[in-house]
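Colleague: The structure under discussion is supplied below as structure tokens; questions concerning it will follow.
The values are calculated or read from the model by the stated rules, or taken from the named source; none is laboratory data. These numbers were taken from a predicted model, which means no experiment stands behind them. No Cβ is skipped: glycine too gets one built from the backbone with ideal geometry, and neighbour counts run over all protein chains shown. Remember, those area values only see protein heavy atoms, side chains included, never the ligands or the DNA or RNA. Shrake-Rupley method; radii C 1.70, N 1.55, O 1.52, S 1.80 Å.
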Amino acid sequence: MLDRIAKAQQQIDEACRTLGRPITVMEVCGTHTVAIFRSGIRSTLPKGLKLLSGPGCPVCVTDQGYIDAVLKLARRDDCIIATYGDMIRVPGKDGSLETCAAKAAVRVVLSSEDALQLARDNAGKTVVFIAVGFETTAPASAVVVQEAAREGIENFCVLSGHKLILPAMRALLSGMNDRVDAFLCPGHVSVIIGSGAFAEIVNDFGRPCVVAGFEPLQIIEALAEICRQLSNGKAELKSIYNAVVTERGNLAAQQIIAECFDAADGYWRGLGRIEKSTLVLKEQYRRFDAFARFGLSDEPGEDFSGCRCGEVLCGLIEPMQCPLFGTRCTPAKPIGPCMVSSEGTCAAWYKYGRRS
Amino acid sequence: MARSEPERVLLAHGGGGQLTNQLIRTLIVPHLKNDPLSELGDSARLELESTSICLTTDSYVVKPLFFRGGDIGKLAVCGTINDLAVAGSRPLALTLSLIIEDGFEMGLLERILESIGQTARENHVSVVTGDTKTVERGAADALFLNTAGIGIRLPGVNPGLERIEVGDKILLSGTIGDHGMTIISQREGIEFESQLVSDCAALADLTCTLFQRTDGVKFMRDATRGGLAAVLNEVAEGAHLGIEIRDADIPVKPSVQAAADMLGFDVLNIANEGKFIAIVSPEAAEVCLELCRNHPLGRDAAVIGEVVASQGAPLVELRTRIGGRRVVQMPYGRELPRIC
């Protein structure tokens, strides 16, 4: 393994020298962000190669309006909030799920099935599943909605905050941050949507896209491939995660998403409103839609003063450039979501980076 | 009024009356049998061979109460023994306080007491006094334990952060993350759980050997909550020195690593219940490693890094397998499973 790493590192060095200009590569997956930090990859790269974290952490990209809707539900005593762990510490106006004076029971679940089971076990309460995440978690939400419909579990509903990664990448390149030279494409999401899905980024924007897994070797080889393409003046789609990612992806998962959800315009933290970028439940499943059931709005929420998570998510600034980073905003007392999630860019910088 | 043996612990069992007496005499004392305890006095009287002692206390609220590799009782005995052991003492006696929720199954209580008795006997410590309280349903989660312990300090053994110097070696007594990942996976009902076993064990025999057979052990701490990362950061901060460790040398079981990766946890932050970190002089490192590896609880021991000079704030740094570097932070509170 070390031979291959050394070889890839050498290719990166050579390509950077040939190009003679700085290269910016963005990863759009929180697991990549953490893997890059944990393995210390940054410290092995030439100065000219900059890695930026994009909108890849599900908690981080979730708009404040959605968080406020969740906290509104938490104040109801007829609800049980079932949520993935990362979400409970995201602050809203009056605290987070962890600290607000919640009247609803807040339960951390590891799967959507656990949430549905809570509904089966608590007939007197409405279980609201806080469904966030990209194409990776959307199929699991779809499965339980169909299951609830089939079994007639009416005390269950889903607050869908699911997002699609491609519209966000397009939005970035179309205006927010066109300095990105290439993308390290997400392994998990690609398992579902297929590596072929990124062809539109290559074709429409001329940016190399390389799908990789999460082992340091995979990431470094993907970076070497990106550098090779850039130094040859090329932009191609390539997957080096062929053990699990196919070109067309998981068709069954794609189908169940299509059966349950429509792509709609939606709000992202930092990126604003993006066309056809969020998943809303189809009309036939409207009774399981928590927005509809509780008359909640999905309008954008107010951001907290001073928090620059939005710019961090777009790769416009690095966490250290936010005046709150490491001072008022720490993992123990996060102000913005990028510091909350273990996959958030700020949390990763805080945890693994040198701050001197 | 008929008073048949109840199958569940009742509030009345903590009332100080006949039921309390019965619980203590028929269930608790028989499992923990020893002379000072059998007197059932207000205090246990002990004759000590030295006036230099270590004293510690710890409370145990683990859920689930029974896990692969142990239970709350074994944990309560081992945990307190380990706190005494790493301070350079030979554990002698423990206290045991039980806080039991009304309705707790008597059979489970007996299993836990049996485990406490057995673990104590195996490690040559006695549970010499204790207390039993019952609380209303909802006021405690099934069963909480507290153990305090005293140990006799080993003569001439004086571990302390102030003794640590640049060049000292970081010795880890075995694989990390086993306990924490076992508990988390069992709690969450995750499938890979069957491969995971807690490392819950009492380390006094091994630590006494190390302290007595070499004079190079400068500091020792068991890596419980917060894991290896927490201990190393405490050492770095306390000694005002840097620490550099090598990822490739840190022993982790593949099943533990897989479970941690799946949930997005950093195995360096995960709790252990049968592992210590020793800071040893470079001259003593080989001997210490050898002594560990010859002991059943130190078979996977490894020297994982060194104490280094610190520029600025003392920092723990990890050399990664690919030759990169990164900071190892003090963990902040509990880890949350990630979304995907």
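Colleague: With just the Cα atoms defining each centre, how far is segment A:97-147 from segment B:282-317? Give it in Å.
Modeller: 45
Colleague: Suppose we keep just the DSSP beta bridges with both residues in the protein assembly as shown; what percent of those would be antiparallel, to 5? Before the final figure, lay out the partial values.
Modeller: On the way: 52 of 96 bridges.
So the antiparallel bridges in the protein assembly as shown amount to around 55 percent.
Colleague: Here's something else I'd like to know. Go through B:228, B:79, B:239 and say which Cα lies farthest out towards the positive end of the charge dipole of chain B; charges sit on Cβ, +1 for Lys and Arg, -1 for Asp and Glu.
Modeller: Final value for the positive-end residue is B:228.
Colleague: With the other protein chains left in place, how much accessible area per residue, in square angstrom, belongs to segment B:161-327 at a 1.4 angstrom probe?
Modeller: 38
Colleague: Follow-up question, since we're still on this one. What does the buried accessible surface come to for A and B, summed over both chains, with the probe at 1.4 Å? Round to 100 Å². Display every interim value, and only then the final one.
Modeller: On the way: alone 15080 and 16510 Å², together 28880 Å².
Chains A and B together bury roughly 2700 Å² of accessible area.
Colleague: Compute the normalised compactness of chain A: alpha-carbon radius of gyration over 2.2 N^0.38 Å, N being the residue count. Please list the in-between numbers first.
Modeller: Numbers: Rg = 20.4 Å, N = 356, 2.2 N^0.38 = 20.5 Å.
Normalised Rg, Cα atoms only: 1.00.
Colleague: Residue by residue, what Karplus-based ³J(HN,Hα) values in Hz, rounded to whole numbers, does segment B:240-253 have, using 6.51, -1.76 and 1.60 with θ = phi - 60° and x for Gly and Pro?
Modeller: 6, 9, x, 9, 10, 10, 10, 3, 5, 9, 8, x, 9, 5
Colleague: I need to check one value: relative contact order of segment B:161-327, counting alpha carbon pairs closer than 8 Å and at least 6 residues apart, in percent.
Modeller: 42
Colleague: When all C-alpha to C-alpha distances in the protein assembly as shown are sorted into bins of 10 Å, what percent of pairs does each bin hold, rounded to whole numbers?
Modeller: Percent of pairs per bin, in order: 3, 14, 21, 23, 19, 13, 6, 2, 0, 0.
Colleague: Which order do the peptides B:129-137, B:249-257 take when ranked by the mean count of other beta-carbon atoms within 10 Å per residue, highest first? Write out the running numbers ahead of the final one.
Modeller: Numbers: B:129-137: 16.0, B:249-257: 17.7.
Top to bottom by mean Cβ count within 10 Å: B:249-257, B:129-137.
Colleague: Further question: Counting only protein heavy atoms, probe 1.4 Å: which residues of segment A:29-48 lose 40 Å² or more of accessible surface in the full assembly compared with their chain by itself?
Modeller: A:38
Colleague: Ok, one more. Could you pull out every one of the aspartates and glutamates with an alpha carbon less than 18 Å from that of residue B:253, ignoring same-chain neighbours closer than 8 positions?
Modeller: A:215, B:178, B:191, B:193, B:199, B:261, B:266, B:273, B:300
Colleague: While we're on this one: Answer rounded, prolate or oblate for segment A:1-147, using the Cα gyration tensor with square roots of eigenvalues a ≥ b ≥ c: rounded when a/c is under 1.5, else prolate when a/b is larger than b/c, else oblate. Kindly include the intermediate steps, with their values, before the conclusion.
Modeller: On the way: a/c = 3.60, a/b = 2.50, b/c = 1.44.
Taking the square roots of the gyration eigenvalues as a ≥ b ≥ c, segment A:1-147 is prolate.
Colleague: Once Lys and Arg get +1 and Asp and Glu get -1 on their Cβ, which of A:104, A:145, A:66 lies farthest toward the positive end of the dipole of segment A:61-153?
Modeller: Comparing the listed Cα positions along the dipole, A:104 ranks first.
Colleague: Averaging sequence separations of C-alpha pairs under 8 Å and six or more residues apart, then dividing by the length of chain B, give the relative contact order as a whole percent.
Modeller: 21
Colleague: Write out the trypsin sites (Lys or Arg not before Pro) in segment B:224-293 meeting two conditions: DSSP loop, and at most 10 other Cβ atoms within 10 Å of their Cβ.
Modeller: On the way: sites: B:225, B:246, B:275, B:293; in loops: B:225, B:275.
Listed in order of number, the matching sites amount to none.
Colleague: With every atom except the alpha carbons ignored, what do you get for Rg and Dmax of segment B:11-153, in angstroms?
Modeller: In Å, with Rg to one decimal and Dmax whole: 14.8, 44.
Colleague: Could you work out the local net charge near residue B:253, counting Lys and Arg as +1, Asp and Glu as -1, over the other residues with Cβ closer than 11 Å to its Cβ?
Modeller: Result for the local shell: -3.
Colleague: Mind counting lysine pairs for me in chain A? Cα separation below 24 Å, and the two need to be 8 or more apart along the chain or on different chains.
Modeller: The number of close lysine pairs in chain A is 25.
Colleague: Give me the percent relative contact order of chain A, please, defined on Cα pairs under 8 angstrom at least 6 residues apart. Working shown, then result.
Modeller: Values: 707 pairs, mean separation 79.7, N = 356.
Reported relative contact order: 22 percent.
Colleague: For segment A:61-165, what are the per-bin percents of Cα-Cα distances with bins 10 Å wide, up to the bin holding the maximum?
Modeller: Cα pair-distance distribution for segment A:61-165, in percent: 16, 51, 30, 3.
Colleague: A further question on this structure: Roughly how many Å is it from the Cα centre of segment A:313-340 to that of segment A:35-94, as a whole number?
Modeller: The distance from the Cα centre of segment A:313-340 to that of segment A:35-94 comes to 11 Å.
Colleague: In debye to the nearest 20, how big a dipole does segment B:81-185 give about its Cα centre with +1 on each Lys and Arg Cβ and -1 on each Asp and Glu Cβ?
Modeller: On the way: 8 positive and 14 negative charges, 89 e Å.
Value, rounded to 20: 420 debye.
Colleague: Next up: Got a number for carbon plus sulfur as a percent of chain A's accessible area, 1.4 Å probe?
Modeller: Carbon and sulfur together cover 48 percent of it.
Colleague: Once each part is reduced to its C-alpha centroid, what is the distance from segment B:201-245 to segment B:74-146 in angstrom?
Modeller: Cα centroid to Cα centroid, the span is 25 Å.
Colleague: In debye to the nearest 20, how big a dipole does the protein assembly as shown give about its Cα centre with +1 on each Lys and Arg Cβ and -1 on each Asp and Glu Cβ?
Modeller: Details: 71 positive and 85 negative charges, 241 e Å.
Computed about the Cα centre, the dipole is about 1160 debye.
Colleague: For chain B, what class follows from the C-alpha gyration tensor (a ≥ b ≥ c being the square roots of its eigenvalues): rounded when a/c is under 1.5, otherwise prolate if a/b is larger than b/c, else oblate?
Modeller: Cα axes put chain B in the oblate bin.
Colleague: In addition: Count the DSSP beta bridges whose two residues both fall in chain B, then state the antiparallel fraction as a percent rounded to the nearest 5.
Modeller: DSSP beta bridges in chain B are roughly 75 percent antiparallel.
Colleague: Quote the charge dipole size of chain A about the Cα centre in Debye, to the nearest 20; the model charges only the Cβ of Lys and Arg (+1) and of Asp and Glu (-1). Don't jump to the answer; show the numbers that get you there.
Modeller: On the way: 39 positive and 40 negative charges, 205 e Å.
The dipole magnitude comes to about 980 debye.
Colleague: Which one of A:210, A:325, A:230 has its Cα pushed farthest toward the positive end of the charge dipole of the protein assembly as shown, where Lys and Arg give +1 and Asp and Glu give -1 at the Cβ?
Modeller: Checked the options; the winner is A:230.
Colleague: For a quick size check, give me the Cα extents of segment B:161-327 along its three principal axes, largest first, whole Å.
Modeller: For segment B:161-327, the Cα spread along each principal axis is 45, 37, 25 Å.
Colleague: In whole Hz, with x marking every Gly and Pro, tabulate ³J(HN,Hα) for segment B:254-263 from phi via Karplus 6.51 cos²θ - 1.76 cosθ + 1.60, θ = phi - 60°.
Modeller: x, 5, 5, 4, 5, 5, 5, 4, 4, 8
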